[in-house]
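Report on the structure given below.
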Amino acid sequence: MRKAWVVGGALVGAGLSFVMLLVVGVYVVAGNLLNSATSGSRGLAKGAVPAAYKTLVQQWGNLCPALSPALLAAQLYQESGWNPTVVSPADARGIAQFIPSTWATHGIDGNGDGRRDIWDPDDAIPSAASYDCELAKDVKGVPGNVSDNMLAAYNAGAYRVIRAGGVPAISETQNYVKRIRSLEQSFAAPVTRIDPTRQAAGAIAFAQSKLGTPYLWGGEGRAEQGGRFDCSGLTQAAYARVGISLPRVANDQYNAGPHPSRDQLLPGDLVFFSTNLSDSRAIHHVGIYVGGGYMIDAPRTGAVIRFDPVDTGDYFGATRVTADGAKALPTKV
């Protein structure tokens, strides 16, 4: 539960003026800034990978030049959403979604316990990395980006990539590659300042227009809900207003783009709060940063949409939403 920021009418007016200046400023600056980011890092963004798997992903993600920890993390997130017990309709199993026949030939004993267990992330994550690197060798002579071709081979088979001379014209495979390469930015630790998106000002303007609206658990702003929101419903609606579709829950919204550090925050960034500061899947709250150490958020039942401070003990991190990053998020994880 967050401590309320109680202000008088004069301060509310000053706050609104402050946000309006931010909105105008972002619009002016955005035209001269890029709408994308380059990770350029072999490391992982804070908390993007659940703590139980971070060491494995960092270690095995550096297995070969075509792979990186961020790329492996994005692939695992796309495959299973970090769920080690999931089974797909095609009988793909576990955190890396191996089909049993593929596991029989490519699964490895990653933890050295004498068993190759498709359900055990300690085996499945190393096996995914090992299989990726095997595929990279298989397609190394194929024109195009070797990492793209490797991912395409993971999805469709190396022979299809070789026969097509690159990522084959299969919509599922093309989308698979595009989603993972976009999500890769969300899992990579930034090495330079990340520029803001052009849509930030519009998202802030929407959130600002909802100040004072009572909170509603599960609220998405629908008429039958009285136009009320919960925290992730507000952020989802704010970015929908500027043409970006976000997932419904906060811990999936975290993966909608790269992650600026606290001192890199810019208006429009989503800011997140977690019960476990090493695990993005434990995120329980999200708001929209407006500058000066404050966000607009829908805090809890009994409160209204308001300004709140960002710097609390459960502050987890931030995401600079990008259209490509949002589109890359799986609809079901």
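What the table below lists for this structure:
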item	result
Qualifying residues in region 55-86 (those that are among the small types (G, A, S) and in a loop (DSSP other than H, G, I, E, B)) - the one farthest from the chain's Cα centre (by Cα)	A66
Matching residues, region 304-315, being within 23 Å of L216 (Cα to Cα) and either in a strand (DSSP E or B) or open to solvent by 10 Å² or more (accessible area, probe 1.4 Å) (or both)	V304, R306, F307, D308, P309, T312, D314, Y315
Hey, A129 in contact with an Asp or Glu (Cβ under 7 Å, 6 or more places away or on another chain), within 16 Å of W60 (Cα to Cα), at pLDDT 95 or above and among the hydrophobic types (A, V, I, L, M, F, W, C) or not	no
Those residues of region 87-131 which are open to solvent by 60 Å² or more (accessible area, probe 1.4 Å), outside any loop (DSSP other than H, G, I, E, B) and free of Cβ contacts under 8 Å to residues at least 40 places away in the same chain, in sequence order	V87, R93, S101, A104, T105
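The values are calculated or read from the model by the stated rules, or taken from the named source; none is laboratory data. What you see is a predicted model, and the numbers here were worked out from it, not measured in a lab. In this analysis, Cβ positions are derived from the backbone assuming ideal geometry, glycine residues included, and neighbour counts consider all displayed protein chains. Side chains are part of the model used for accessible areas, which takes the heavy atoms of the whole protein and leaves out ligands, DNA and RNA. Shrake-Rupley method; radii C 1.70, N 1.55, O 1.52, S 1.80 Å.
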